[in-house]
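J.: Take this structure, written in structure tokens, and hold onto it; I'll ask about it next.
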Amino acid sequence: GAVGEAEARLGAAALYRAACTHDRFETLRDCQLSNAGLSEAQQEEACRAPAEAFVREASAGTSACAETMFQAAQTQCAKEYGAFVQCSAANEGLFRACPKQLERFSACLDKQIPPQ
């Protein structure tokens, strides 16, 4: 019903945030690993931009990345988004009831993550 669909759409919004936060974390981790031989202060300086991007993404109520992901869900990922919302709504908003739809939707979203 309408409640299940609303829950599914809210759940999808959490996916946008998670995808963006995860992407920013991966970028920070890659920077830290590639600068592992530097002193802590040098590493902090070298990775300042990815660290700030990660903190901004992780603590924001919403973000430009999440907004871009929302738009992608409505356009580039509309088919996958629709299947995910429909399945989730039919299963009281439970993601675990729709693993294939969630996987396809997440894979599509991952391709849409904007650069930092």
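The values are calculated or read from the model by the stated rules, or taken from the named source; none is laboratory data. Model, not experiment: these values are computed from the prediction. As a convention, Cβ positions derive from the backbone with ideal geometry for all residues, glycine included, and neighbour counts pool all protein chains shown. With ligands, DNA and RNA removed, areas are computed over all heavy atoms of the protein, side chains included. Shrake-Rupley method; radii C 1.70, N 1.55, O 1.52, S 1.80 Å.
J.: Cβ-Cβ below 8 Å, separation at least six or inter-chain, first residue in the stretch 103-116 and within 14 Å of residue 66 (Cβ to Cβ), second part of a loop (DSSP other than H, G, I, E, B): which pairs?
T.: Within 8 Å, the pairs are 109/77; 112/76; 112/77.
J.: Quick one: residue 92 ticks every box in (1) over 15 Å from the mean Cα position of the chain (by Cα); (2) at pLDDT 85 or above; (3) open to solvent by 60 Å² or more (accessible area, probe 1.4 Å) except a single one, so which number is it?
T.: For residue 92, the failing item is (2).
J.: Now a separate question. Given the conditions (1) more than 23 Å from residue 113 (Cα to Cα); (2) in a helix (DSSP H, G or I), and given that residue 10 satisfies all but one, which numbered condition is not satisfied?
T.: (1)
J.: Does residue 13 fit the bill of being at negative phi and either modelled with pLDDT of 85 or more or of a type in the set (Ser, Thr, Tyr) (or both)?
T.: No, not satisfied.
J.: A further question follows. Tell me yes or no: at least one residue of the stretch 21-40 is open to solvent by 70 Å² or more (accessible area, probe 1.4 Å), modelled with pLDDT under 85 and not in a helix (DSSP H, G or I).
T.: Within the stretch 21-40, none of the residues are open to solvent by 70 Å² or more (accessible area, probe 1.4 Å), modelled with pLDDT under 85 and not in a helix (DSSP H, G or I).
J.: What residue, of 68, 75, is of a type in the set (Ser, Thr, Tyr), touching a residue at least 40 places away in the same chain (Cβ under 8 Å), open to solvent by 50 Å² or more (accessible area, probe 1.4 Å) and within 25 Å of residue 105 (Cα to Cα)?
T.: 68
J.: Inspect the stretch 34-41 for any residue being over 12 Å from the mean Cα position of the chain (by Cα), among the small types (Gly, Ala, Ser) and under 22 Å from residue 108 (Cβ atoms) and give the result as yes or no.
T.: Among the residues of the stretch 34-41, not one is over 12 Å from the mean Cα position of the chain (by Cα), among the small types (Gly, Ala, Ser) and under 22 Å from residue 108 (Cβ atoms), which makes the answer no.
J.: Could you grab me the full set of residues in the stretch 78-89 that are more than 14 Å from residue 111 (Cα to Cα) and open to solvent by 50 Å² or more (accessible area, probe 1.4 Å)?
T.: 79, 86
J.: Being in a loop (DSSP other than H, G, I, E, B) and surrounded by 12 or more Cβ atoms within 10 Å (Cβ to Cβ) is the filter; apply it to the stretch 44-61 and report the residue that is nearest to the chain's Cα centre (by Cα).
T.: Only one residue fits best here, namely 60.
J.: Still on this structure: Name the pairs: first residue in the stretch 41-62 and aromatic (Phe, Trp, Tyr), second residue part of a helix (DSSP H, G or I) and surrounded by 15 or more Cβ atoms within 10 Å (Cβ to Cβ), Cβ to Cβ under 7 Å, at least 6 apart or on different chains?
T.: Filtered contacts from the stretch 41-62: 54/24; 54/25; 54/28.
J.: Could you count how many residues in the stretch 95-116 are modelled with pLDDT under 90 and not in a helix (DSSP H, G or I)?
T.: Final tally of qualifying residues: 6.
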